Amino acid sequence: MVNNISNEGSFVSNLNKNSQLDFFERNSSSFVDSDINPYPQNMISETYFDIDNAFSIIEQAGVNLLNLNIASLNAKIDDLKLLIGKLTSSKRQIHLICLQEIWKLDERNGNLFRIPDFKLVANPRKCHQGGGVAIYVHKSLHHSELMECFVMEEMIFESVAIEIKSKENSFIVGNFYRSNRELANLNSTEKFSYFMTQFEKWITDLEKYKIPIF
């Protein structure tokens, strides 16, 4: 999780110079017809940071959200705790941690996944390896779990959603995962179509609350 490559600054600088790693530039150039190109009116700033430099873009006020594809929470929980501890000690408070690919959780040892001052809201897979989603919520945020928006269509669409409530405003935080693994009973087109059906239904269900969605 923490990049251990020596001369890290040079490594990150080289990443930022590689146009093939820039989502905006790569996808914008793929459109021949400028009339249908969605990217010019949706400018996307994409910059790579190492851990220390990333601290500078985290606000010291407001609500900060960290998003990670963790590829096994069982295996990476200690790294995640170290990262959150380092952020906290530098006066950069993370309030929400959205995780994808948490994999199956060892329910026999719930203490393993505890991060001080956070509550874990998880929707892991029951059958297949991989996948699963979760949100860690800081104790300073009053939240409720939107259970009707917890979807587990394994290897197709997997989601979790919470509502954050405050005196000033309320908003929803949703987190979802789409696996790229092939299924024996669906070809890639059928699988993507089924994913979009589930995704659109999920968004429709979230929109019923009539508050901002993130």
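Key figures
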item: Residue match in the stretch 120-135 (condition: free of Cβ contacts under 8 Å to residues at least 24 places away in the same chain and of a type in the set (Lys, Arg)); result: no
item: Test: residue in the stretch 192-208 that is of a type outside the set (A, V, I, L, M, F, W, C) and either under 30 Å from THR88 (Cβ atoms) or crowded, with 19+ Cβ neighbours inside 10 Å (or both); result: no
item: Qualifying residue in the stretch 172-183 (condition: out of contact with any Gly (no Cβ under 8 Å at 6 or more places or on another chain), surrounded by 11 or more Cβ atoms within 10 Å (Cβ to Cβ) and modelled with pLDDT under 95); result: yes
item: Meets criteria (modelled with pLDDT under 80 and of a type in the set (Ser, Thr, Tyr)) for SER72; result: no
item: Pairs, first of a type in the set (Gly, Ala, Ser) in the stretch 67-82, second exposed (fewer than 15 other Cβ atoms within 10 Å of the Cβ) and part of a helix (DSSP H, G or I), C-beta under 6 Å, six or more apart; result: none
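Yes or no, residue by residue, for (1) more than 18 Å from GLU145 (Cα to Cα); (2) assigned to a helix (DSSP H, G or I):
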residue	(1), (2)
MET155	yes, no
SER159	no, no
ILE164	no, no
ILE172	no, no
ARG181	yes, no
THR189	yes, yes
TYR194	yes, yes
THR197	yes, yes
ILE203	no, yes
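The values are calculated or read from the model by the stated rules, or taken from the named source; none is laboratory data. As the structure is a computational prediction, the values presented were derived from the model and not from experiment. No Cβ is skipped: glycine too gets one built from the backbone with ideal geometry, and neighbour counts run over all protein chains shown.
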